[in-house]
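Please read the structure below before turning to the comments.
The values are calculated or read from the model by the stated rules, or taken from the named source; none is laboratory data. None of these values were measured; they are calculated from a predicted model. Please note: Cβ atoms are built from the backbone with ideal geometry, for glycine as well, and neighbour counts cover all protein chains shown.
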Amino acid sequence: MATALLSVGLLGLLVFLLGANVSRERRSVTVTQHEAEADPASSLRKAIRAHGNCIEYVPMLALMILAVGLRSPLLPTWIAALMFAAVASRYIHAAGVLTGGSVYEANAMKRIGAAGTYLTGLLLSGILVYRAALLF
């Protein structure tokens, strides 16, 4: 359970750090905010996109991680590693969005983070479906 709680805590930290970054970027805009948001290479646009993408995936990952952790307080090592991989994938993806040239350009960090998110999300889903099937 400690692994699940740590994973969810780290995901929550990411959401709030990315949100604070959006607020910081909004205060530092030297052109109008609308112009900065429209420019796909502006740091404000990248901050907004990194936070928005995080919000799209983190809630479901957090719920699945907690559900798996509640069901198995003593997690097998591979499931604990899966949880940490999900967290790492979200951090890697956010870093890729924030450091990339444009929100529309793919880069290695965005690809790795997205692939890791999908893979870990599918595996966590599979674990939950399997464990639910055993209850019937």
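Just a few scattered comments:
- Residues in region 56-107 that are assigned to a helix (DSSP H, G or I), farther than 15 Å from residue 125 by Cβ and hydroxyl-bearing (Ser, Thr, Tyr): 3 in all.
- Any hit, region 33-55, residues being closer than 19 Å to residue 122 by Cβ, touching a residue at least 40 places away in the same chain (Cβ under 8 Å) and under 15 Å from the mean Cα position of the chain (by Cα): yes
- Positions within region 51-79 being closer than 15 Å to residue 14 by Cβ and of a type outside the set (Gly, Ala, Ser), in sequence order: 51, 53, 54, 55, 56, 57, 58, 59, 60, 61, 65
- Number of the condition not met by residue 110 [criteria: (1) within 21 Å of residue 17 (Cα to Cα); (2) part of a loop (DSSP other than H, G, I, E, B)]: (2)
Residue by residue, here is whether (1) in contact with a Gly (Cβ under 9 Å, 6 or more places away or on another chain); (2) of a type in the set (A, V, I, L, M) holds:
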position: 3; (1), (2): yes, no
position: 19; (1), (2): no, no
position: 27; (1), (2): no, no
position: 38; (1), (2): no, yes
position: 51; (1), (2): yes, no
position: 56; (1), (2): no, no
position: 77; (1), (2): no, no
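- Condition met for residue 49 (surrounded by 14 or more Cβ atoms within 10 Å (Cβ to Cβ), out of contact with any strand residue (DSSP E or B) (no Cβ under 9 Å at 6 or more places or on another chain) and either part of a helix (DSSP H, G or I) or modelled with pLDDT under 85 (or both)): yes
- Residues satisfying the stated conditions in region 101-136, i.e. surrounded by 13 or more Cβ atoms within 10 Å (Cβ to Cβ) and aliphatic (A, V, I, L, M): 103, 109, 112, 114, 115, 119, 123, 124, 127, 128
- Selection within region 56-78 - without any contact (Cβ under 8 Å) to a residue 60 or more places away in the chain and surrounded by 18 or more Cβ atoms within 10 Å (Cβ to Cβ): 58, 62
- Residue 37, sole failed condition from (1) loosely packed, with under 13 Cβ neighbours inside 10 Å; (2) acidic (Asp, Glu); (3) over 30 Å from residue 135 (Cβ atoms): (1)
- When region 17-34 is limited to residues that are hydrophobic (A, V, I, L, M, F, W, C) and modelled with pLDDT under 85, the one that is farthest from residue 51 (Cα to Cα) turns out to be 31.
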